[in-house]
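Undergrad: Mind having a look at this structure? Questions to follow.
The values are calculated or read from the model by the stated rules, or taken from the named source; none is laboratory data. All of these numbers come straight from a predicted model, not from anything done at the bench. Cβ atoms come from the backbone with ideal geometry, glycine included; neighbour counts cover every protein chain shown. In case anyone asks, the SASA skips ligands and DNA or RNA and just uses the protein heavy atoms, side chains included. Shrake-Rupley method; radii C 1.70, N 1.55, O 1.52, S 1.80 Å.
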Amino acid sequence: MTETIIELNQADLTLGSAAASVHVLKQIDLQVRRGEAVGIVGPSGSGKSTLLMVLAGLERLDKGEIHIAGEPLHALSEDALADFRGRNIGIVFQSFHLIANMTALENVAVPLELANVRNPFDIAQRELAAVGLGERLSHYPGQLSGGEQQRVAIARALAPSPLVLIADEPTGNLDTETGRQIADLLFAKQAERGMTMLLVTHDNALAARCTRQIRVRSGEIVGDTAVNAAPEAVRA
């Protein structure tokens, strides 16, 4: 039986305070197996992106437990959590989050350098080549198209060889064709490396490419559907 790599038990989170507080996640139970591609869908304000941030170790639960690869993230100190996240979780955001005054190579290499990874620039060069940017290493974000910037962000997420890849609306800022190419790249790399991928999206076609779909509404999981056939990995 495939190993469970992510486990949420009675996960509960309220954001804001007093009259402005919102009960975002309500006692969620979830298990994800190693190598799954999970699409998380639901209406705006349903809690799906917050759920993803909890799974990425970027939001702390008020109550409940979260284990990733056996580590109790809810019990780790901030430093230990940051270290675990840097080694095991790759994150791709809708808005790229690249550093404007760093080249593509530096954007990928510097986080590795800060994490004391050996040969960070060699790894960064290899990962940028793997996403089709081998000739754009010295370009700054402002010199790259939106699709190229997202490829840099994907290279940065993949560089530590994470166990889990988190993607929050990764095609949301891209035109249809560029978004398709980025989706192809994500699914190809996920299949090639055997990673677990969790993907929040409003795009039903993108969610349909996952091996499992989780539907969130009002802070609760209201649907959890396995898809029979794994998505075909398309090499970008």
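Undergrad: Going Cα to Cα from residue 26, which lysines come in below 28 Å? Please leave out same-chain ones fewer than 8 positions away.
TA: Straight-distance partners of residue 26: 48, 63.
Undergrad: Among the DSSP beta bridges whose two residues both lie in the range 111-236, what percent are antiparallel, rounded to the nearest 5?
TA: Percent antiparallel among DSSP bridges in the range 111-236 is about 55.
Undergrad: Give the carbon-plus-sulfur fraction of the accessible surface of the range 56-133 in %, rounded to a whole number; probe 1.4 Å, heavy atoms of protein chains only.
TA: For the range 56-133, the apolar C and S fraction of the accessible surface comes to 49 percent.
Undergrad: Now for a different question. Evaluate the charge dipole of the chain about its Cα centre and quote only its size in Debye, nearest 20, assuming +1 on the Cβ of each Lys and Arg and -1 on the Cβ of each Asp and Glu.
TA: For the chain, the charge dipole is close to 300 debye.
Undergrad: Let me ask something else. Take each uninterrupted DSSP H stretch in the chain, measure its Cα extent along the helix axis, and return the ones at 24 Å or beyond whose mean Kyte-Doolittle hydropathy is at least -1.0.
TA: 176-193
Undergrad: Excluding ligands, DNA and RNA, what is the solvent-accessible area per residue of the range 4-226 at a probe of 1.4 Å, expressed in Å²?
TA: With the other protein chains kept in place, the range 4-226 gives 44 Å² per residue.
Undergrad: Relative contact order (percent) for the chain, with alpha-carbon contacts under 8 angstrom and 6 or more residues of separation?
TA: It comes to 26 percent, rounded to a whole number.
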